[in-house]
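One structure is given below, encoded as structure tokens.
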Amino acid sequence: MKHALILAAPAATTTREFAFWILAIIAVAAGLGMVLARRAVHCAVLLAVVMLSLAVLYAMLGAPFLAFVQVIVYTGAVLMLFLFVLMIVGISSADSIVETIKGQRLWAAIGGIGMLVLLALVIGHAAIGPAAPAKPGFGSNNVNGLAQLIFTTYLFPFEVTSALLITAALGAMVLAHRERTTPKPTQKTLARQRVAGGRPTPLPGPGTYARHNAVDMPALLPDGSTSDLSVSEVISGRAAGDTEGVAAGALARGTDTASGDPGTGDRSDTEEA
Amino acid sequence: MVSPAHFVALAVILFVIGGVGVLVRRNAIVLFMCVELMLNACNLAFVAFARMHGALDGQIIAFFVMVVAAAEVVVGLAIMTAIFRARRSASVDDASLMKY
């Protein structure tokens with residue numbers, strides 16, 4: 001298999017240098033953005049950028065297998081898991097700017113700079129030599145070399161990994177399981193509740209197609225007034241709880257646009273209410 | 001010429017960014033993302049050292065780190081959904097029942 005990523009190792013040095021600096025700048029900028037972005041979704045997307053640029057850096061360092069694992073497992077699976085949990089928790093959840101601990105940001109910045117200085121000193125003192133001469137294990141033979149190591153030298157850690165994964169899967173199932181505290185409602189109890197609730201019939205449908213083709217149009221009653229019950233609470237709640245205003249406004253717009261093009265009555269107009 | 005030292009320096013910078021994120025942010029999911037960033041930075045250093053020594057052991061360790069990180073994310077996010085279900089909040093400040 002001759003893939004561009006596998007052949008990237010012996011590429012021209014200027015190309016490698018150019019690619020490294022571009023990717024390094026992208027990765028650091030996305031990392032900083034991740035720390036600074038207030039919305040959790042933006043953080044997730046920026047983390048994906050960091051991970052993808054790291055994947056390309058792995059390929060440059062002669063690790064094509066890890067590059068693909070990074071894209072498939074990390075960006076594909078782990079980050080998608082993050083996004084699923086974000087959907088449960090609420091996609092618009094944003095951090096508040098108020099500091100709960102006084103001076104937390106300042107001390108965090110000082111600690112970060114201290115850590116950076118410390119690590120930079122360590123690296124400056126360490127003798128990090130140039131890259132070893134290219135071997136087949138860093139190019140087209142990467143997967144074979146890794147497999148040989150995993151199934152000989154690192155066989156025991158590899159087997160222990162399976163126990164870890166089983167434990168993690170079981171733990172996730174136990175933690176995410178919800179115990180039912182109330183008995184499951186049967187059809188009988190639901191029907192009784194409905195009759196006892198004062199309104200056994202379904203709620204009236206919205207006035208879609210009566211005056212306009214949008215679902216937030218309230219139905220018209222026989223006396224010409226509108227029925228608030230006919231519009232879903234989800235839609236009417238968008239206008240900060242002002243159900244009356246939404247219904248009246250939508251009705252007014254409906255009569256305005258009815259003379260225009262009834263087939264393509266503009267949805268955006270009614271949504272901004 | 002880009003040497004492994006460049007890659008290790010980049011790994012250090014990313015690690016510090018992730019560490020500062022863990023200290024500053026309060027949304028538990030974002031905290032987890034910052035931890036992931038730190039793990040990724042470590043992986044980059046491992047791969048760079050593997051390239052420097054011309055041996056594949058560093059890549060193997062990076063591979064194991066990925067496996068452990070995946071397991072950690074699964075359990076951590078399950079804990080987070082459990083906490084969110086109980087308290088309706090993903091902020092680490094709200095889960096302070098043991099304080100005082």
Restricting to segment B:72-94, give me the number of residues that are touching a residue at least 40 places away in the same chain (Cβ under 8 Å) and either at the interface with chain A (Cβ under 8 Å from one of its Cβ atoms) or not in a helix (DSSP H, G or I) (or both). 7
Go through segment A:100-144 residue by residue and tally those that are out of contact with any helix residue (DSSP H, G or I) (no Cβ under 9 Å at 6 or more places or on another chain) and free of Cβ contacts under 8 Å to residues at least 24 places away in the same chain. 14
Among the hydrophobic types (A, V, I, L, M, F, W, C), assigned to a helix (DSSP H, G or I) and free of Cβ contacts under 8 Å to residues at least 40 places away in the same chain: is that true of A:Phe65 in this structure? no
Checking A:Leu146 against (1) in a helix (DSSP H, G or I); (2) within 25 Å of A:Ile22 (Cβ to Cβ), which single condition isn't satisfied? (2)
Kindly list the number of the only condition in (1) at the interface with chain A (Cβ under 9 Å from one of its Cβ atoms); (2) at positive phi that fails for B:Leu56. (2)
Residues in segment A:175-196 that are exposed (fewer than 11 other Cβ atoms within 10 Å of the Cβ) and closer than 30 Å to A:Val78 by Cα: how many? 4
What about A:Val78, is it in a helix (DSSP H, G or I), farther than 20 Å from B:Val22 by Cα and of a type in the set (Val, Ile, Thr)? no
Residues of segment B:1-35 being touching a Phe, Trp or Tyr at 6+ places or on another chain (Cβ under 8 Å) and within 17 Å of B:Glu72 (Cα to Cα), which ones? B:Ile29, B:Phe32, B:Met33
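Since every read-out is calculated from the coordinates, none of them should be taken as a lab result. Because the structure is predicted, anything quoted here is derived from the model rather than measured. Note that we place each Cβ from the backbone using ideal geometry, even for glycine, and neighbour counts take in every protein chain shown.
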